[in-house]
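Undergrad: Have a look at the structure that comes next, please.
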Amino acid sequence: MTRYRAALSTLFLGMAVLAVAALVIAPPAADARGGGASPQPQDKNLLYGKAYFDQSVNWVNDGKPGIHQVTDFYADLADVQFNVEGNHHEGYMRLWLKAPGKYRLELRPGKPMQRLTTKILAGENMWILHPNGRVQPMHGRPDGVTAIGQMKRDRRRLEELSRFLTLEGLKGAGVQFYYEGPREGSGTFAGKWIKIRRRIPQGADVTFHLAYQRDPRDSSGRRVVCTYPGVVTVVGDPRRGEPTEYYVLKNWQRGPQFRYPRRIEAYTQSAPGATPRRFLLAFPNDIRINTRLADSLFAPPPR
């Protein structure tokens, strides 16, 4: 317990010192901003924010066209630890989702496949396939309401995470990206970042701390190019009981479709100043998006 509290203290310290870095960064190159006249002070943060975010989108997608809308998602996760709404799991996990309303989750505490537990959500219907082969329908029964509600919330979290991984789907009509300057963090947030805030007419703000590297085209050494999102924060509203959630994305590598992180951590913070609680630690082996998943994955298990 002492080690766990120490880890949380380190995390909180990392958040607290995620301060403005003493680094002076030149604005993005003109071609990244679309060229034209120099921006006015009131709109430069919007122009720079969009330019830096587009650079990160390009890096994550490895120069290929971005994914504008996620219609299905698959992830194979190793060494997972999660604790959500009283449900705790450590081991292996595979996840599938498909629009609209379909979600499949496979859990096993170790490598033996005979210990596999499968949960399937299809709209308002849910089934659990237990390790002994017993099929348990959860819909149409009083105790199933809570289980179905949790599966729906887990599915929404996964949809949100899939958009954080590909980035392109976060753009759209009415969406604005504000450049808030360079930052430097320690602890869990350790690194040097460019901070971008995403705002939409209705909905929570999301901030991105984007890693960056020096622009080889700039002889001054002051211009940078953004790469991966290292920390993504969904800003909550304590007045509505909405926590702030932090997603820490590390160890990015090339995959068959795009680059993705090999380590994902997620934390929830009930109110400003409260100690964040980790609810997910996962090490992805594979992530695929829009591969036309078969509907049979979400069909009721044979009884």
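Undergrad: From Ala75, Ala16, Ala51, Ala37, grab the single residue that is of a type in the set (Gly, Ala, Ser), at pLDDT 75 or above and out of contact with any Asp or Glu (no Cβ under 9 Å at 6 or more places or on another chain). Walk me through it before giving the result.
TA: Values: Ala75 fails: out of contact with any Asp or Glu (no Cβ under 9 Å at 6 or more places or on another chain); Ala16 fails: at pLDDT 75 or above; Ala37 fails: at pLDDT 75 or above.
Ala51 is the lone residue from the list that is of a type in the set (Gly, Ala, Ser), at pLDDT 75 or above and out of contact with any Asp or Glu (no Cβ under 9 Å at 6 or more places or on another chain).
Undergrad: Counting only residues that are more than 14 Å from Asn58 (Cα to Cα) and not aromatic (Phe, Trp, Tyr), how many does region 164-178 have?
TA: Within region 164-178, the subset more than 14 Å from Asn58 (Cα to Cα) is 172-178.
Okay, now just the ones that are also not aromatic (Phe, Trp, Tyr), so 172-176.
Adding up the residues that qualify gives 5.
Here's the yes/no breakdown for (1) in contact with a Pro (Cβ under 8 Å, 6 or more places away or on another chain); (2) crowded, with 20+ Cβ neighbours inside 10 Å; (3) not assigned by TED's automatic domain parsing to the domain that holds Lys192:
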{"residue": "Glu242", "(1), (2), (3)": "no, no, no"}
{"residue": "Glu245", "(1), (2), (3)": "no, yes, no"}
{"residue": "Leu249", "(1), (2), (3)": "yes, yes, no"}
{"residue": "Phe258", "(1), (2), (3)": "no, yes, no"}
{"residue": "Pro261", "(1), (2), (3)": "yes, yes, no"}
{"residue": "Ser270", "(1), (2), (3)": "yes, no, no"}
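Undergrad: Among the candidates Gly149, Gly191, Gly181, single out the residue that is farther than 30 Å from Phe53 by Cα and of a type outside the set (Val, Ile, Thr). Spell out how you get there, then give the answer.
TA: Values: Gly191 fails: farther than 30 Å from Phe53 by Cα; Gly181 fails: farther than 30 Å from Phe53 by Cα.
So the residue among Gly149, Gly191, Gly181 that is farther than 30 Å from Phe53 by Cα and of a type outside the set (Val, Ile, Thr) is Gly149.
Undergrad: From the set of residues in region 243-291 that are of a type in the set (Asp, Glu) and touching a residue at least 40 places away in the same chain (Cβ under 8 Å), which is farthest from Tyr92 (Cα to Cα)? Steps first, answer last, please.
TA: First, pick out the residues of region 243-291 that are of a type in the set (Asp, Glu): 245, 265, 286.
Keeping just the survivors that are touching a residue at least 40 places away in the same chain (Cβ under 8 Å) gives 265, 286.
Values: Glu265: 15, Asp286: 13 Å.
Restricting to residues being of a type in the set (Asp, Glu) and touching a residue at least 40 places away in the same chain (Cβ under 8 Å), the top hit is Glu265.
The values are calculated or read from the model by the stated rules, or taken from the named source; none is laboratory data. All figures in this text were calculated on a predicted structure; none of them were measured in a lab. Note: ideal-geometry Cβ built from the backbone for every residue, glycine included; neighbour counts use all protein chains shown.
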